[in-house]
Each structure stands twice: as C-alpha cells, then as structure tokens.
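To start, the structure under review is shown below, and the notes come after it.
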Amino acid sequence: MEPIDSSLVDWSRAQFALTAMYHWLFVPLTLGLGVVMAIMETLYVRTGREFWKRTAQFWMKLFGINFAMGVATGIILEFEFGTNWSNYSWFVGDIFGAPLAIEGILAFFMESTFIAVMYFGWNKVSKRAHLASTWLTIIGATISAWWILVANAWMQHPVGMEFNPDTVRNEMVDFAAVAFSPVAVVKFCHTVSSSWVLGAVFVVGVSCWYLLRGRHREFALSSIRVAAWFGLFAALITAHTGHQSGRDIALYQPMKLAAAEGLYEGGTEQGLVLGGILRPGADWTAGSDDRFLLKVEMPYALSYLATHDLQGYVPGIRNLLEGGYKMPDGSVALSAEEMMKRGRVAIDALAKYRAASTPEEKAAALAVLRANFPWFGYGYLKSPGELVPSVPLTFYSFRIMVMLGGYFIVLFAGLLLLGQRVTRWKLVQLAVVLTIPLAWLASQAGWVVAEVGRQPWAIQGLLPNVAAISRLDVSSVQTTFYIFLALFTLLLVAELGIMGKAIAAGPETDSTSA
C-alpha cells in the first residue's frame, strides 16, 4: 500500500476538529437553554402569570438564533465523514451510519416539526399544547444528541460488530449493544448534563448583566433563581457521570487516562494529580526522568477512580508500551511491538484470504485473520510512540474541565444562597457575567480530552487515522480548511451580533416588570 503523507492526516484532522469545535459552540447552548425556557413556560402554564410567558419568550428567541447556527455547522460535519474520511466510512459505515440515520429521520425530524409550533403557535393552539411542543422540541434535540453520542461512544469503544473479510467491512450484529453500550449511556449523561450547566451559566450571566445595568430586575432575579437551581442539579450530575466516565476510560482507553494524568510509570496506590506543571519538552515515549516541575496529588485517588480499589494497579504510558502487567480480566498485557506485529499478521492474512483460489487456502487465511483481528489496527502503525497522544494538551485540558466544573457548583450554590441580595453585590454580578465564556471553555476542554486523548485512533484499537482518511491532495484539504474557518467565523460573528442585539433589547415588559 502506498504510504500516506503525514501532512494529509494532520490537515484532515485539523479540518474535522475545526468543524466539530465550531459546531459545539452552538449545540450545548441549544440543549441547556432549551430546558430552561421549557421550565419557564411550564411556570407560565401552572401560574397563569404573563410574566413567565414573556420570560420564556425571551429565552426562546435566543434559543432560536443559536439553533439555526448549530444546524448549519452540523450538516457540514456529517458530510466530512464522506469527503475526508471515506476509508473510515467504508470500513464501519454499516455500524456508524445507523445512529446517524436514526438521528436524522427520527430526532431531527421531531425537533424540526415541533419548533414551528413552538414559535408560531402561541395564539393558535392551547397553552398546554404549546407547552407540549416546547418540551418536545428540546426532547427531540436531546434524542438527537443521544444518537450522535452513541456513534461517538462506539468510536471510543467499538462493540456489537463482526468483521466480514469478503466485503472488508465491519457489520453490526447487535444493535442493542451499540445503542445502549454502558460507555454510550455514561457519555450521553455526562455530555448532556454539562450542556445543561452551560445553558444555566448563560442564563445567570445574561441576567446579571441586566442587574449591572439596572434593568429588568424582576426578570433577572427570577431567571437567576430558576437557572441556578437547574444548573446546580446539572453540575452535580456532571460531576458524578464524570467519575463514571473516568472508570470507563480506565477500562477501555488506559492510554488516555495515563495521558490525562501525566502518568509515565504506573503502579499501585496511585494518586490523582489535582494540579501540576509538566516539564516542557519531556519525552513521553522513553526515558525515566521526572516529567513534572510541580504537582499536587490526592493520595490513592487515581487507583480508586480506575479500579474502585485504593491499592489498585494503574498502568502508565511506559507500562502500556512495554506490556507485561496483569490486566483486569487476568490476562497479561502485550507490548505495543507485539500488538503491531500481530496486526501486520492480520492485515497479511486478509490479503491472502482475498487472493486465495481454493477453499482450503481461504479457511487457513481466515483462521489466522480471526486469531489476530483484535490487533488489526495496530498493523498500520510504524512505531510504538504513535500510540502516545499529546500529553500536555490532554493533561491541561482535563484540569481545566475539572476545575471549572467545581467552580460552577460553587457559583450556582452561591447564587442560591445570596438570593435577592445578589442585587447589592456588583462584583458578584460582574464575576457571573465573565463566567459565560468559561462555560464554553470547560465544554471544549472536555472534548479535547475525549478526542485528543484517544489518538492515533479513529476507532479505538481498530482503525488508526492513517488508515481512515481519504486519499486527497493536501492542498485541497488546506483550501477547504481556510474556507470553513472563514465561513464558521462569519457565522459566529453573525450569531454574536444578533444575540447581542436581542439581549440589549431585553424581554418585553409591562409596567410591573420593567
């Protein structure tokens, strides 16, 4: 096979990362703000107060602006699987395409249908029918997120499939295993609850901006109260599911966990790094020098997170490359060199199977292929060092995500304790306003950990990026990268401008709520 230009892999990854990160600017606000506005409309239906109707309509306006931008970037993102990652799409399209198809046919259709009633049906349907359409819109968006996250979770932990050597494709044999994988369930709960946190931060931040300006006091205080309770609930769920996600990573992606912790040499009774500074330029693939300039640990915490045992063994990067340690299932871990060797045997056996002219030759090649298929993807790697992701990027992103998650819990609890007294604390109001971009920073950092931490894999342990990309001219990918960068930036600037004007105009008011 003709070698792949490494710059093609890098530019293809950069283009997909660009699209995904811009798309994720809009999605979490849709999921979080949608629930907040639905809660406020529920209060309107239950109390009959026009105030809650106007409040819901204001947040609904911002939801609509953001929703449209999310759709535009999401469509481009899905097309890139076919344009830039065609080998990936061929190899696992029968599996990966199923949740995406369901998302488009069921979930997106559902939210697109009811969003029209939500915006244009205020005076055309009953209060309860309109409320139902609002909740069904956000439920549809959440179901849409479910299927997208099922697809992503399958890339992190492929299950429910069988390789067909005749078509050279992986085929789904257990839909339930794919759709309801424990990894998918935890990823969904963690991602959606963190999106709820972002939506709540946005609401309390905008509300505190009104307090700073001396405008819409009742609206702002009521919005803060609703969003703070909702945000605290969501932040606690996010923390719990984050712990569960850490356990899954320890089981299925130990290299990601080692990178996130800066753990080069593993062992028992491992501490969790609360904060630290990595040594610049450290070689994470070899050597034995200390790789930290400074670190603060919580004793035994990493061992407990990974194994639910304070004395549990956690492999580091060196251990994962060299193998030889006992795994949770009792087997002995293979070295990276041995897995690469077995992967090349599997690739060679597949070629022999397809070239075989007799049933006996096919059977012999197939037996070798099946025995070595678990390491198939490793056969495309050139050196063990390729298995180590960017440790600094993963390590620091993980700490940004966790520290901000803790800060959000304190923020929401503090706002609830202050209650109406928050109107006296200008510095608190300013701090809450400035927290708005931090919610996006935490959200993006979480995805950096999830995606950078699993490199070099397009599908964990099965297909590396180098074997997944389309064979394109590097210049073509570079050109479209810059086109998308300009397009998405214009969309973002447009959204910020439109939302800024809507926020500046404020909610509709009457004499009692101005």
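The values are calculated or read from the model by the stated rules, or taken from the named source; none is laboratory data. Please read these numbers as outputs of a predicted model, since none were measured by experiment. Note that each Cβ is placed from the backbone with ideal geometry, even for glycine, and that neighbours are counted across all protein chains shown. With ligands, DNA and RNA removed, areas are computed over all heavy atoms of the protein, side chains included. Shrake-Rupley method; radii C 1.70, N 1.55, O 1.52, S 1.80 Å.
Couple of notes before you dig in:
- C-alpha long axis of helix 6-47 to longest principal axis of the chain, angle in °: 30
- Packing rank of 28-39, 295-306, 438-449, 484-495, where each peptide gets the mean count of other beta carbons within 10 Å, highest leading: 28-39, 438-449, 295-306, 484-495
- Under Karplus coefficients 6.51, -1.76 and 1.60, residue-wise ³J(HN,Hα) of region 211-225 in Hz, glycine/proline x: 5, 4, 7, x, 10, 6, 4, 5, 4, 5, 5, 5, 5, 4, 4
- Centre-to-centre separation between the Cα atoms of region 477-509 and those of region 296-334: 45 Å.
- Solvent-accessible area, 1.4 Å probe, carbon plus sulfur percent, for region 238-335: 55
- Taken over region 25-144, the convex hull of the Cα atoms encloses 93 Å³ per residue.
- Cα-centred dipole magnitude for the chain, charges only on beta-carbon of K, R (+1) and D, E (-1), debye, nearest 20: 2060
- Solvent-accessible heavy-atom area per residue, rounded to whole Å², over region 315-360 at 1.4 Å: 57
- Using a probe radius of 1.4 angstrom, the carbon and sulfur fraction of the accessible surface of region 436-514 is 71%.
- Cross-linked pairs K341/K382; K187/K256; K362/K382: Cα-Cα separations exceed 20 Å for K362/K382.
- Relative to the longest principal axis of the Cα atoms of the chain, helix 50-83 runs at roughly 20 degrees.
- As a rough guide to protection, the peptides 197-204, 218-225, 96-103 ranked by mean Cβ packing within 10 Å, highest first, stand as 197-204, 218-225, 96-103.
- Comparing M298, L366, L212 along the charge dipole axis of the chain, the residue lying farthest to the positive side is L212, per the Cβ-charge model.
- Cα convex hull, the chain: 161 Å³ per residue, rounded to a whole number.
- Accessible area of region 166-246 divided out per residue, in Å², using a probe of 1.4 angstrom: 37
- Here region 1-159 has 70 percent of its accessible surface on carbon and sulfur atoms, given a 1.4 Å probe and all protein chains in place.
- For region 373-514, with +1 on Lys and Arg beta carbons and -1 on Asp and Glu, the positive-most of L490, Y378, M401 along the dipole: M401
- Options T134, A250, T73, ranked by Cα towards positive dipole end of the chain, top entry (Cβ charges): T134
- Convex hull volume per residue, computed on the Cα atoms of region 357-399, equals 98 Å³.
- Electrostatic tally near S303: other residues with Cβ closer than 15 Å to its Cβ, Lys and Arg +1, Asp and Glu -1, net -3.
- On Cα atoms only, tilt of 86-102 relative to the major axis of the chain in degrees: 40
- Between the C-alpha center of region 1-40 and that of region 82-152 there is a gap of 17 Å.
- Accessible area in square angstrom per residue, region 9-56, 1.4 angstrom probe: 32
- In this structure, the amide hydrogen of A458, modeled 1.01 Å from its nitrogen in the peptide plane, lies closer than 5 angstrom to those of L463, N465, counting only residues at least 5 positions away or on a different chain.
- Between L278 and L293, the built amide H atoms are under 5 Å apart, and every one of these is 5 or more places off in sequence or on another chain.
- Distribution of pairwise C-alpha distances over region 341-492, 5 Å bins, in %: 2, 8, 10, 10, 11, 12, 10, 8, 8, 6, 5, 4, 2, 2, 1, 1, 0, 0
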